[in-house]
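Step one of this worksheet: look at the structure below.
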Amino acid sequence: MKKLYLIGNQKMNMTYSELEPYFEKLTEIASHSTNVVGVCVPYVYINLAKYMLDGSKVLFGAENMHYEDKGAFTGEISAQMLNDFGCDLVIIGHSERRQYFAETDEQVNLKVKKALETGITPIVCFGETLEEREQGLTHTVIERQLTGALADISEEDMGRLIFAYEPVWAIGTGVSATPEQAEEICLFAKKLLKEQYMVNDCIMLYGGSLKPSNAQEILSKPSINGGLIGGACLKVSDFEQLINTKVE
Ligand code: PGA
């Protein structure tokens, strides 16, 4: 049985009163699962996650962070602050950050390095837009994003990263990549990581409208080790089905 990583990305959705029962249920679901379960939540709920999930099998973390240690960055949160609350994970370079908050490959790289230095596992996101795919630029864009994100990271640290291939056109649209499309890019990314960075084995997630109805087929692909789940992690019963996915 392949061990899968099922990590929720809540984005800006749930609130305190919803999260309490959600975390409670998630703890119970994860306790029965042989897969790895995680959830990334808005900053203000990280304390609640720590309180309710610490000591359980559910990993938790943030959806973003700043790369500086401290300073005049109104509204920002540092890696050390996340570490203070026991964050295991942090999503870096999500396409929504790149698209709406103008995050660059260079900033992604600085964030990845800072997270590693602080002892938090970065989930490094990459993926092409529909326009880029239609123009035949998918591989070029992905290579640029990955080499940009990974500049100056030691071989040893490479082994501590989680990657997430998230085609922008599949995020939140209800239309996921086909299992073949997802596999093709995850394999391409793994080959690149091996050839350029000596990464022999890494955790490669797929994200983009992953849901109970398509999870089995997508997650059974050989180069895919799990999913980064947006919409479908918000309903605990859907997330449960995803967490319980079993593939050979
Ligand atoms: P989605 O989002 O599952 O709602 O498409 C995935 C993500 O953005 O991580």
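Worth a mention:
- Residue within region 81-100 that is touching a strand residue (DSSP E or B) at 6+ places or on another chain (Cβ under 6 Å) and closer than 19 Å to residue 240 by Cα present: no
- Which numbered condition residue 151 misses (of (1) more than 17 Å from residue 222 (Cβ to Cβ); (2) within 15 Å of the ligand (Cβ to nearest atom); (3) hydrophobic (A, V, I, L, M, F, W, C)): (2)
- Some residue of region 226-241 being in contact (Cβ under 8 Å) with a residue 40 or more places away in the chain, of a type in the set (Phe, Trp, Tyr) and within 16 Å of the ligand (Cβ to nearest atom): yes
- Residues of region 137-176 that are more than 21 Å from residue 112 (Cα to Cα) and small (Gly, Ala, Ser): 170, 172, 174, 176.
- Where a residue in region 117-139 is more than 14 Å from residue 92 (Cα to Cα) and its partner, wherever it lies, is of a type in the set (Asp, Glu), with Cβ under 8 Å and at least six apart: 137/128; 138/128; 138/132
- Hits in region 171-206 - residues which are closer than 20 Å to residue 148 by Cα and either in contact with a strand residue (DSSP E or B) (Cβ under 7 Å, 6 or more places away or on another chain) or within 16 Å of the ligand (Cβ to nearest atom) (or both): 185, 186, 189, 190, 202, 203, 204, 205, 206
Quick grid of which residues meet (1) farther than 18 Å from residue 228 by Cα; (2) crowded, with 19+ Cβ neighbours inside 10 Å; (3) at pLDDT below 95:
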| position | (1), (2), (3) |
| --- | --- |
| 16 | yes, no, no |
| 25 | yes, no, no |
| 31 | yes, no, no |
| 54 | yes, no, yes |
| 59 | no, yes, no |
| 63 | no, yes, no |
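- Residue within region 157-170 that is at pLDDT below 95, within 15 Å of the chain's Cα centre (by Cα) and within 16 Å of the ligand (Cβ to nearest atom) present: no
- Exclusive hit being open to solvent by less than 70 Å² (accessible area, probe 1.4 Å) and without any contact (Cβ under 8 Å) to a residue 40 or more places away in the chain, set 45, 5: 45
- Check on residue 130, within 16 Å of the ligand (Cβ to nearest atom), under 23 Å from residue 185 (Cα atoms), out of contact with any His (no Cβ under 7 Å at 6 or more places or on another chain) and open to solvent by 40 Å² or more (accessible area, probe 1.4 Å): yes
- All conditions but one from (1) within 15 Å of the ligand (Cβ to nearest atom); (2) outside any helix (DSSP H, G or I) apply to residue 223; the one that does not is (1).
Yes or no, residue by residue, for (1) closer than 16 Å to residue 63 by Cα; (2) part of a loop (DSSP other than H, G, I, E, B):
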{"residue": "1", "(1), (2)": "no, yes"}
{"residue": "8", "(1), (2)": "yes, no"}
{"residue": "11", "(1), (2)": "yes, yes"}
{"residue": "14", "(1), (2)": "yes, yes"}
{"residue": "23", "(1), (2)": "no, no"}
{"residue": "28", "(1), (2)": "no, no"}
{"residue": "33", "(1), (2)": "no, yes"}
{"residue": "37", "(1), (2)": "yes, no"}
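- In region 237-248, residue farthest from residue 34 (Cα to Cα) [restricted to those that are buried (at least 19 other Cβ atoms within 10 Å of the Cβ) and hydrophobic (A, V, I, L, M, F, W, C)]: 239
- Close pairs (6 angstrom Cβ cut-off, 6 or more residues apart or separate chains): acidic (Asp, Glu) in region 200-218, away from the ligand (no atom under 12 Å from the Cβ) anywhere: 217/179
- Checked against the criteria, residue 103 counts as of a type in the set (Asp, Glu), open to solvent by less than 40 Å² (accessible area, probe 1.4 Å) and within 15 Å of the ligand (Cβ to nearest atom).
The values are calculated or read from the model by the stated rules, or taken from the named source; none is laboratory data. Quick caveat: nothing in here was measured; it's all calculated off a predicted structure. Cβ atoms come from the backbone with ideal geometry, glycine included; neighbour counts cover every protein chain shown. With ligands, DNA and RNA removed, areas are computed over all heavy atoms of the protein, side chains included. Shrake-Rupley method; radii C 1.70, N 1.55, O 1.52, S 1.80 Å.
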